[in-house]
Amino acid sequence: MTAALAIGISLVFAALAVWHFRMAWSITRGGGLAAAVPRVEGKPLFVPSMRATVAVGLALPVCAALVAATAGVLHVGISQRLLSWTCLALGLLARAIGEFRYVGFFKRVRGSRFARLDPLLYSPLCLLLASAIACVAARRGL
């Protein structure tokens with residue numbers, strides 16, 4: 001059960017990596033990021049660079065490997081306890097809760113495309129991933 005859950009989580013991280021690479025390619029072609037970046041009065045809070053977006057795309061498979069290693073699906077020679085605690089430190093629960101202004105379930109600034117998608121897609125996904133990762137970590141050696 002733990003291995004299947006870890007594989008599912010890893011596949012989600014892989015899909016998110018592909019999405020980030022697609023977004024990085026979109027940035028180079030002048031594509032909009034309206035759904036991916038919080039906005040205030042129609043202006044993005046930040047404009048992610050192609051390099052930063054690619055960096056996130058590269059970090060996501062590392063997260064997938066971390067979860068797979070924690071579940072014992074992938075062997076990396078690191079203690080289960082350290083792997084489990086590192087999984088919990090990914091910060092997905094904090095992302096779901098948010099910073100209470102622009103991001104997360106408890107944000108106050110609304111009205112943009114990102115603000116509409118965040119409580120429907122982004123924050124629930126982070127909460128689901130955080131919960132699933134906590135299950136994997138708890139079963140494998142906290």
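The values are calculated or read from the model by the stated rules, or taken from the named source; none is laboratory data. Just so it is clear, the structure is predicted and the values come from calculations on it, not from any experiment. In this analysis, Cβ positions are derived from the backbone assuming ideal geometry, glycine residues included, and neighbour counts consider all displayed protein chains.
Can you give me the number of residues within region 105-142 that are among the polar types (S, T, N, Q) and either touching a Ser or Thr at 6+ places or on another chain (Cβ under 6 Å) or under 20 Å from GLU41 (Cα atoms) (or both)?
Result for region 105-142: 1.
Those helices (runs of 4 or more DSSP H) of region 46-126 in which at least 3 residues are touching a Leu at 6+ places or on another chain (Cβ under 8 Å) and more than 19 Å from TRP19 (Cβ to Cβ), considering only elements entirely within it, cover 50-71, 80-88. The number of residues in region 55-80 being modelled with pLDDT under 95 and either under 16 Å from TRP25 (Cβ atoms) or of a type in the set (Phe, Trp, Tyr) (or both) comes to 0.
Restricting attention to region 70-90, the residues that are in contact (Cβ under 8 Å) with a residue 24 or more places away in the chain and hydrophobic (A, V, I, L, M, F, W, C) total 7.
Among the residues here, SER49 qualifies as out of contact with any Cys (no Cβ under 9 Å at 6 or more places or on another chain), of a type in the set (S, T, N, Q) and exposed (fewer than 14 other Cβ atoms within 10 Å of the Cβ). Screening VAL103, VAL67 for residues that are more than 15 Å from SER10 (Cβ to Cβ), surrounded by 15 or more Cβ atoms within 10 Å (Cβ to Cβ), of a type outside the set (S, T, N, Q) and in contact (Cβ under 8 Å) with a residue 60 or more places away in the chain leaves exactly one candidate, VAL103.
Considering only residues of region 1-43 that are more than 22 Å from VAL62 (Cβ to Cβ) and part of a helix (DSSP H, G or I), which is modelled with the highest pLDDT? The selected residue is SER26.
Of all the listed residues (TRP85, TRP25, TRP19), the sole one being surrounded by fewer than 19 Cβ atoms within 10 Å (Cβ to Cβ), among the hydrophobic types (A, V, I, L, M, F, W, C), more than 18 Å from LEU121 (Cβ to Cβ) and under 18 Å from the mean Cα position of the chain (by Cα) is TRP85.
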